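To keep things clear, I will list the structure first and then write my remarks on it.
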Amino acid sequence: MEHYDVRDMVYLHGRIEHDPTSGKSGREQVVEEMHRCDVLVLMQGDSTAGEEYIPSKLYEYLLTRRPVLGIVLDGSEADRMLKEGGHVAVRKGDVNAIVRALKTFLDEWENGGVAAMKGRNAFTIEKAVDQLIHITESLN
């Protein structure tokens, strides 16, 4: 953030704990903050599972219906999920692609705001449950 001087564009929340004033858990506050974000950035780490590793945070991000910028392993399952859902996935380490993606989001934000994901591939709890039911029924 300091190298590219984007500190005024990125908000670091730090660890969010239970708030005794509102009674909200840290988890509830995190979900509220995710819904307030213009773009959620997901960084896929390296793991022994390689391309099949999907950060659990991805599922939470998809449920917010906010745009996601995934900095992921090229060709990974997370890469496929993001692209199929209408989100942006760029190859980890490709600084130029990351800058282009951020510029696109910034341009959109400056021209009225970044739109929520309402596309045909939006990930929802309902779709996940329907898929589980379909799989279960096909086993019988």
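Of the residues making up the range 1-39, those that are assigned to a loop (DSSP other than H, G, I, E, B) and hydrophobic (A, V, I, L, M, F, W, C) are 1, 6, 9, 10, 12, 16, 37, 39. Restricting attention to the range 18-36 and to residues that are open to solvent by 70 Å² or more (accessible area, probe 1.4 Å) and under 19 Å from the mean Cα position of the chain (by Cα), the residue that is modelled with the highest pLDDT turns out to be 28. Across the range 53-68, the number of residues qualifying as more than 8 Å from the chain's Cα centre (by Cα) and outside any helix (DSSP H, G or I) comes to 4. A count restricted to the range 69-90 and to residues that are over 17 Å from residue 38 (Cβ atoms) and part of a helix (DSSP H, G or I) stands at 7. Among residues of the range 57-101 being open to solvent by 30 Å² or more (accessible area, probe 1.4 Å) and among the hydrophobic types (A, V, I, L, M, F, W, C), the one that is nearest to residue 6 (Cα to Cα) is 99. The single residue among 53, 59 that is aromatic (Phe, Trp, Tyr), in contact (Cβ under 8 Å) with a residue 60 or more places away in the chain and over 20 Å from residue 104 (Cα atoms) turns out to be 59.
The values are calculated or read from the model by the stated rules, or taken from the named source; none is laboratory data. Here the structure is a predicted model, which means the values were calculated and not measured. Virtual Cβ from ideal backbone geometry, glycine too; neighbours counted across all protein chains shown. Ligands, DNA and RNA are stripped out before the accessible areas are found, and what is left, the full protein with its side chains, is counted by its heavy atoms. Shrake-Rupley method; radii C 1.70, N 1.55, O 1.52, S 1.80 Å.
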